[in-house]
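For reference, the structure is listed below as structure tokens.
All of the numbers you see were taken from the coordinates with simple rules; none came from a lab. Here the structure is a predicted model, which means the values were calculated and not measured. Here the Cβ positions follow ideal geometry from the backbone for every residue, glycine too, while neighbour counts run over all protein chains shown.
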Amino acid sequence: EAKSNGRNLYKFYEPAMNERIMERRQLEMDMRQALRRREFRLDFQPRYDAASQTIVGAEALVRWQHPSRGLLSPGVFIPLAEETGLIVELSDWVLNEACLNALCWGPELMVSVNLSPVEFQRSDLVDRVGAVLEQTGIAPSRLELEITESVMLEDAASALTTMNRLKALGIRLSMDDFGTGYSSLSYLRSYPFDGIKIDRSFIAGLDQSDSSEAIVNAIVSMGHALSLTVTAEGIETVAQLGKLTDLACDQAQGFYLGRPMAPLLFQQVLRDSNGVEPEGTLAFAGE
Ligand code: C2E
Ligand code: MG
Ligand code: MG
Ligand code: MG
């Protein structure tokens with residue numbers, strides 16, 4: 001038995017562990033080249049005004065078209081990017097690309113970009129965001145950065161300073177995956193958030209349990225009492241959308257309303273649903 005012989009156990013696991021480490025190293029090397037090779041791309045998921053069901057913006061979600069592994073989702077490579085520090089370079093690209101796309105959507109729509117907690121620990125975050133605003137020329141009020149509670153958990157004091165400086169740029173801040181952490185509520189009081197996104201686990205629960213409905217109701221009321229825009233994410237059914245509208249949730253996002261999609265498809269959806277004529281094409285904006 002493996003337990004009775006430590007040496008055998010070691011030998012047994014060694015090849016598998018090495019394989020994993022090698023695979024990670026390979027992926028890391030691949031990622032270093034991926035930016036240059038333009039293998040990353042953004043999908044955009046529409047965000048709707050819940051009452052009127054018009055599109056008010058979109059969230060940028062990064063994907064990696066890996067040459068041999070196929071399409072990789074952020075859950076696979078963002079953690080690796082965070083560990084290696086490549087997240088900064090990747091995030092610069094995401095921010096820039098997201099803002100350039102938003103310029104094609106007319107003058108008003110919002111674009112949301114997810115930030116990694118790792119980026120918050122670096123002193124250059126505010127300058128980087130400022131540089132993207134300047135380079136792209138997008139109105140700062142159209143950019144929203146989504147952060148999770150873990151940002152505050154890492155270093156509460158410096159997170160507050162960074163968030164205040166980001167706010168001074170004129171952008172919006174929202175708390176993503178709201179309700180999954182254990183101190184979300186207290187953070188809302190002391191940090192300059194403009195909005196919250198209710199985690200999709202509560203939205204999924206709307207179909208089954210009264211407790212989810214009570215929680216969502218409470219989050220919406222509290223958000224409104226604090227003058228925050230409340231967005232529900234992960235809406236998959238018409239019933240969920242109906243309940244959220246009843247509960248006066250401001251904005252809605254989810255597969256039922258629109259999946260994350262390629263930039264040109266999003267522009268098409270925008271034209272069809274809002275009747276908005278985009279001001280340019282992707283190629284034009286990228287010049
Ligand atoms: P998130 O910011 O909470 O994004 C929502 C995730 O839920 C996305 O997964 C989206 O595709 C998925 N989703 C949206 N609507 C529905 C729905 O109705 N049902 C279900 N089951 N899922 C839905 P995705 O694209 O795999 O992204 C996962 C996470 O990766 C994101 O969670 C975000 O935290 C992170 N991420 C994505 N793009 C970036 C990025 O550019 N930078 C950073 N730092 N993180 C990113
Ligand atoms: Mg998000
Ligand atoms: Mg989320
Ligand atoms: Mg998330």
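Descriptive notes on the structure:
- Residue separation of Arg24 and Ala168 scaled by 0.36 nm, minus their Cα-Cα distance, works out to 48.0 nm of gained length.
- Farthest towards the positive end of the charge dipole of the chain, among the residues Ser150, Asn217, Leu27, is the Cα of Leu27, using unit charges on the Cβ of Lys, Arg, Asp and Glu.
- Charge dipole of segment 134-287 about the Cα centre (unit charges at C-beta), most positive-ward option of Leu247, Gln208, Thr136: Thr136
- Taking the Cα centre of segment 150-262 as reference, the dipole from Cβ charges on Lys and Arg (+1) and Asp and Glu (-1) amounts to some 400 debye.
- Unit charges on C-beta of K, R, D, E only; dipole of the chain, Debye: 660 debye
- Dipole check for segment 16-167: with +1 at the C-beta of Lys and Arg, -1 at the C-beta of Asp and Glu, and the Cα centre as origin, the magnitude is about 400 Debye.
- Cα-based Kirkwood hydrodynamic radius, segment 32-80, one decimal, Å: 12.5 Å
- Sparsely packed loop sites in segment 139-193 (the chymotrypsin sites (Phe, Trp or Tyr not before Pro) outside DSSP H, G, I, E and B with at most 12 other Cβ atoms within 10 Å) comprise Tyr182.
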